[in-house]
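Working notes, structure below.
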Amino acid sequence: MADVKFAFIDPLSGPMGPSGEAGYTSFLLAAEHINANGGVNGEQIEVKGYDNKVNPKESLVQLQKAIDDGVRYIFQGNGSSVAAAIIDAVNKHNQRNPGDEVLFFNYAAVTPDFTNDGCSFWHFRFDAHADMKMAAITDYIQGQDDIKKVYLIGQDYIFGQAVAAAAESQLKEKRPDIEIVGNELHPLAKVKDFTPYIQKIISSGADAVITGNWGADMQLLMKAAAESGSEIPYFTFYGGSLGAVSALGEGAIDRLYQVTEAITNLDASDEQYALIEEYKQRFPEYDYYYHRAFNALNMFKQAAETAGSNDPIPVAFALEGMTYEEPYGTATMRADDHQLQQNLYISTVSKDVKYGVDNIDLGWKLLDGGKIDAAAAEQPTTCQMERPEKP
C-alpha cells in the first residue's frame with residue numbers, strides 16, 4: 001500500500017525541542033487514527049520528523065531532504081522566519097517542478113503577511129494569525145477599566161514584531177487612554193534568565209503584559225515572573241507552552257491568560273475526551289495542546305476524499321472554501337487567502353478543571369464571555385492569489 005508522505009519540519013532538539021515534539025506527537029497520533037480507519041483514498045499517511053533547530057537555513061536543507069524522500073506535504077509551525085523561508089522555497093520548487101508540487105500546511109507560524117500580501121496558493125494556515133489573536137485579547141482588555149498601562153514583550157523576529165505592531169495599533173483604536181509603558185524585543189531562544197526584563201516590567205508600573213512568547217521563552221519568562229513575586233497579569237498567545245503554568249504555580253490562577261483555537265476543558269463529545277486522554281496516556285510529558293494538528297490532518301483527509309485524489313493540486317482546490325465540523329465548532333478554510341476561520345477562546349488558569357496541564361492539577365478554564373465566534377474573529381485580507389490551472 002502506497003503512503004501519503006508528510007514531513008514535519010520543526011525543532012526536535014535544543015531549547016525549543018519540546019515545542020516541536022508536542023506538535024510532532026500530535027500529528028503522529030492524528031495519522032494513526034486516520035490509518036486505523038482505512039487511511040485516505042486507500043493509502044496510509046506517513047509523518048516523518050525533520051529537525052530544523054528553528055533555523056531557516058537548516059529548514060531549507062531539511063525541506064530538500066524531505067522532497068528527495070518523496071514527501072508532497074509539509075507541516076511546520078514553530079517560527080515565522082522558518083515559515084517565510086519554506087513558503088519561498090515551496091513556491092520556487094513548484095514553479096520549477098510541474099507535476100511534483102508540494103503543499104505547505106502551516107499549523108502555528110502566525111505572522112499575518114502569510115495570508116495577506118505574502119499569500120501563496122501552496123500555503124494553508126490552520127492557526128489563527130497574530131492580528132486575529134490580538135483582536136481577541138484587545139477586545140477583552142477594552143472592557144477592563146483597571147488596565148491603564150500595558151507592557152509589550154516579545155521575541156525579536158518577524159512574528160514578535162508583528163505581535164507588537166498589532167498590540168500598538170489595536171490598543172490605540174480600542175483604548176486610546178492606555179499607555180504602552182514598554183515595548184521590548186529579545187533574542188529568540190537565547191535568554192536564559194528573564195529577571196532583568198521582569199524588573200523593567202515592574203519598574204514601568206504596568207497593569208498588564210502582552211506577549212507572543214512561545215516555547216522555552218514563555219516558560220522562562222513565567223519562571224522569572226514567579227520568582228519576582230509580582231502579580232501583574234499576562235495576556236499571551238502561548239501561555240499553554242510546556243512548563244509555563246507550572247512555573248507560575250498557583251500564581252497563574254486568574255493571572256495568566258491565553259487565546260487559542262481550543263482548550264481541553266471545553267464541553268466536548270465523549271470521543272474528543274477519549275482522544276485527549278489517549279494523547280496524555282501515550283505522551284505523558286506533554287499535554288493535548290496542538291488541537292489544530294488533528295484538524296489539519298482531518299481536513300486533509302476530507303479534502304483528498306472530496307477530490308478523489310491524494311495529489312497536492314486537487315487537494316488544494318478541495319480545501320479552498322471547505323468547511324469542517326471539528327469538535328469545538330465549524331472551521332472554514334477561506335478560499336481568498338487560505339486562512340482557517342475558526343472559533344477562538346480566551347482562557348485563564350484555574351483549579352476547577354477536568355484536565356490539568358504540566359502534570360499538575362491546574363488547567364485552562366474558559367473566561368466568562370471568552371468564546372469568540374469564527375465570524376467575530378475574522379480579519380480582512382489583502383491577498384491577491386495566483387492559482388494554477390484546475391486539474
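The values are calculated or read from the model by the stated rules, or taken from the named source; none is laboratory data. Remember, it's a predicted structure, so these values are computed and weren't measured experimentally. Backbone-built Cβ (ideal geometry, glycine too); neighbour counts: all protein chains shown. Side chains are part of the model used for accessible areas, which takes the heavy atoms of the whole protein and leaves out ligands, DNA and RNA. Shrake-Rupley method; radii C 1.70, N 1.55, O 1.52, S 1.80 Å.
Compute the long axis of helix 158-174 from its Cα atoms, compare it with the longest principal axis of the Cα atoms of the chain, and write down the angle in degrees, 0 to 90, nearest 10. Approximately 60 degrees, to the nearest 10.
Peptide packing for 320-331, 198-209, 376-387 was compared via the average number of neighbouring C-beta atoms within 10 Å per residue; ordered from the highest value, the list is 198-209, 320-331, 376-387.
Here the Karplus curve 6.51 cos²θ - 1.76 cosθ + 1.60, taken at θ = phi - 60°, turns the phi angles of segment 117-124 into couplings of 4, x, 5, 8, 4, 8, 10, 10 Hz, with x standing for Gly and Pro. Excluding ligands, DNA and RNA, the accessible surface per residue across segment 80-154 is 30 Å² with a 1.4 Å probe.
Considering just Cα atoms, how many Å³ per residue does the convex hull of segment 205-345 enclose? Please report the intermediate quantities before stating the final value.
Working: hull volume 20.1 nm³, N = 141.
Taking the convex hull of the Cα positions in segment 205-345, it is 142 Å³ per residue.
Between Asp352 and Val61, the distance separating the two model label sites (each 7 Å from Cα on the Cα→Cβ line) works out to 5.2 nm.
Taken along the Cα-to-beta-carbon direction at a fixed 7 Å, the label points for Thr306 and Glu227 span 5.0 nm.
Given R0 = 56 Å, the distance between the Cβ atoms of Lys149 and Glu389 translates into a calculated FRET efficiency of 0.55.
With a ≥ b ≥ c the root eigenvalues of the C-alpha gyration tensor of segment 1-134, is it rounded (a/c under 1.5), prolate (a/b larger than b/c) or oblate?
rounded
Assuming 1.002 mPa s and 20 °C, estimate D for segment 93-195 with Stokes-Einstein, Rh taken as the Kirkwood radius over Cα pairs, in µm²/s. Using the Kirkwood radius from Cα pairs, D works out to 135 µm²/s. Distances between placed amide hydrogens fall under 5 Å for Asp254 paired with Val349, all partners being 5 or more residues away or on another chain.
Dividing the helix sum by the residues of the chain, where each DSSP H run of 4 or more adds -39500 (n - 2.57), gives a mean residue ellipticity at 222 nm of -12000 deg cm²/dmol. Once the 1.4 Å probe is applied to the protein heavy atoms, segment 229-381 comes out at 38 Å² accessible per residue. How large, in percent, is the carbon and sulfur part of the accessible surface of segment 121-210 at a probe radius of 1.4 Å? Using a 1.4 Å probe with all protein chains present, segment 121-210 comes out at 49 percent carbon and sulfur.
Distance from a point 7 Å along Cα→Cβ of Asp270 to each backbone N in segment 303-332: keep the residues under 14 Å and list them by number. It comes to no residues whatsoever.
Using only Cα atoms, find the angle between the long axis of helix 270-282 and the longest principal axis of the chain, and express it within 0 to 90 degrees, rounded to the nearest 10. Helix 270-282 and the main axis of the chain meet at about 80 degrees. The label point for Asp361 and the one for Ala375, both projected 7 Å from the Cα toward the Cβ, are 4.2 nm apart. Residues of segment 310-331 falling in the label zone of Ala2, defined by backbone nitrogen less than 15 Å from a point 7 Å along Cα to beta-carbon, are 310-315.
For a 27 Å ceiling on Cα separation, which of these pairs sit above it: Lys190/Lys354; Lys5/Lys280; Lys57/Lys192?
Lys190/Lys354
Computed from Cα positions, the angle between helix 56-68 and the longest principal axis of the chain comes to roughly 20 degrees. Charged side chains reduced to their Cβ positions (Lys and Arg at +1, Asp and Glu at -1) give segment 290-361 a dipole of some 140 debye around its Cα centre. Each DSSP beta bridge with both residues in the chain is either parallel or antiparallel, and the antiparallel ones are about 30%. The charge dipole of the chain, taken about the Cα centre with unit charges on the Cβ atoms of Lys, Arg (+1) and Asp, Glu (-1), comes to about 660 debye, rounded to the nearest 20. Compared with the direct C-alpha span, the chain from Thr382 to Ser203 gains 60.5 nm at full extension, assuming 0.36 nm per residue.
When you work out D = kT/(6 pi eta Rh) for segment 1-52 at 20 °C and 1.002 mPa s, using the Kirkwood radius from C-alpha pairs as Rh and the Stokes-Einstein form, the result is 186 µm²/s.
Taking 14 Å as the straight-line reach from the Cα of Lys148, the aspartates and glutamates in range (excluding those fewer than 8 positions away in the same chain) are Glu168, Asp177, Glu179, Asp207. Over the chain, Cα pairs under 8 Å with separation of 6+ residues give a relative contact order of 17 percent. Seen from every direction in turn and averaged, the convex hull around the alpha carbons of the chain projects onto 17.5 nm².
To the nearest 20 Debye, how big is the dipole of segment 246-341 about its Cα centre, given +1 on the beta carbon of each Lys and Arg and -1 on that of each Asp and Glu?
Here segment 246-341 has a charge dipole of around 200 debye.
Residues whose amide H comes within less than 5 Å of that of Leu367, counting only those at least five positions distant or on another chain, are Ile346, Ser347, Thr348 (H built at 1.01 Å from N in the peptide plane).
For segment 130-171, the Kirkwood estimate of the hydrodynamic radius, built from every pair of different alpha carbons, is 10.7 Å.
The three principal axes of the Cα atoms in segment 170-215 give end-to-end lengths of 35, 21, 13 Å, sorted in falling order. Per residue, the average separation of C-alpha pairs within less than 8 Å and at least 6 apart gives segment 41-154 a relative contact order of 20 percent.
Taking amide H as placed 1.01 Å from N in the peptide plane, the amide H of Lys53 sits under 5 Å from that of Leu12, Ser13, each at least 5 places away or on another chain.
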